[in-house]
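The values are calculated or read from the model by the stated rules, or taken from the named source; none is laboratory data. Just so it is clear, the model here is predicted, and its values are computed rather than measured. Cβ sites come from the backbone with ideal geometry, for glycine too, and all protein chains shown count toward neighbours.
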Amino acid sequence: MAIKVKSGYNFREVSLADVLFLDVETVPLYPDFEALPENFQELWRDKSRKYSYENRSAEELYFDKAGIHAEFGKIVCISVGNYKPDRETGKMNLRIKSFYGNDEKKVLSDFKDLLQKSYHDSSRHFLCAHNGIEFDFPYIARRMLINDIGLPALLDISGSKSWDNRWLIDTMDLWKFGDMKEKTSLNLLAAVFGIPSPKDDISGKDVARVYYQDADLERIMIYCQKDIVTLFRLFQRFSSLPMIGDGEVVYT
């Protein structure tokens, strides 16, 4: 089963079996502004000026905004999905696995091990995420460097142009059709294409609260996995392929 995606200025045939679909969930490094080291408090005040239109103080903005910046946030979950045949039946399934926990370095190291083992050849392997070009891929790479983890081949993209990284697929970018000012959420596209919403419990804005106030990593992991199913179904719709049913999703 293969589809065509744009790679630079050309279209390239891609087999679904060669694509690793991924999503990350991030939170602020600290539970509140007061817990930040003093030097980082001042640095956050500088960074938070970009949100001046919200008319909130740096202290008020920290809990809601710090997690989306790799310098002030951390990854608590990376969920991945790949489309593979079942070893016993041969039936194709979307197999989903999550790396999650309070130890970010372990989460990132385990994810890197997967890439090095199974997704390391940029001539035939692909990574796919929604808004991955601007968020997921660089965020993972930055946090790996901060945690002193060497970058795997498919994420060693510092200084390159997006069209050079033909192995990185972004469904938000595919939906733009050249309209560079258009940014459409995964949830909106799910509604447009009749795909069940992954936001039936929590959404991205709730993750920090669920992590710090509820201490419920399992709930965050489940939410992240739902995004993988939605991402894969959206990719299928973009490719004019029938969407998989819930019975074709396997959680490992």
Applying the selection to segment 86-118, what residues are within 22 Å of E218 (Cα to Cα), assigned to a loop (DSSP other than H, G, I, E, B) and not charged (D, E, K, R)?
G101, N102
All conditions in (1) under 19 Å from V76 (Cα atoms); (2) without any contact (Cβ under 8 Å) to a residue 40 or more places away in the chain; (3) among the hydrophobic types (A, V, I, L, M, F, W, C) are true of I157 except (1)
Selection from segment 124-154 of residues free of Cβ contacts under 8 Å to residues at least 24 places away in the same chain and under 14 Å from V19 (Cβ atoms) yields none
Filter segment 189-240 down to the residues that are assigned to a helix (DSSP H, G or I) and among the charged types (D, E, K, R) and list them by number.
K205, D206, R209, E218, R219, K226, D227, R233, R237
Just name the residue that is farthest from I96 (Cα to Cα) out of those in segment 197-252 that are surrounded by fewer than 17 Cβ atoms within 10 Å (Cβ to Cβ) and among the acidic types (D, E).
D214
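Identify, from the list G81, G150, G67, the residue that is surrounded by 14 or more Cβ atoms within 10 Å (Cβ to Cβ), modelled with pLDDT of 95 or more, not in a helix (DSSP H, G or I) and not aliphatic (A, V, I, L, M). Spell out how you get there, then give the answer.
Working: G150 fails: surrounded by 14 or more Cβ atoms within 10 Å (Cβ to Cβ); G67 fails: not in a helix (DSSP H, G or I).
Only one candidate qualifies: G81.
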State which residue pairs qualify: first residue farther than 16 Å from F21 by Cβ and at pLDDT 90 or above and inside segment 172-191, second residue of a type in the set (S, T, Y) and surrounded by 13 or more Cβ atoms within 10 Å (Cβ to Cβ) in any location, beta carbons under 7 Å apart, and separation of 6 or more residues or different chains.
N187/S197; A191/S197
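Answer yes or no: is there a residue in segment 135-147 that is part of a helix (DSSP H, G or I) and modelled with pLDDT under 95. Working first, answer last.
The first filter runs over segment 135-147 and keeps only residues part of a helix (DSSP H, G or I), leaving 135-146.
Still in the running and modelled with pLDDT under 95: none.
No, that holds for no residue.
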Which pairs turn up if I take residues in segment 233-252 that are within 23 Å of I78 (Cα to Cα) and look for partners that are among the small types (G, A, S) with beta carbon separation below 7 Å, at least 6 apart in sequence or on another chain?
L234/A190
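Residue under question is K112, and the condition is that it be without any contact (Cβ under 8 Å) to a residue 60 or more places away in the chain and within 23 Å of V210 (Cα to Cα); does it hold?
Against the criterion (without any contact (Cβ under 8 Å) to a residue 60 or more places away in the chain and within 23 Å of V210 (Cα to Cα)), K112 does not qualify.
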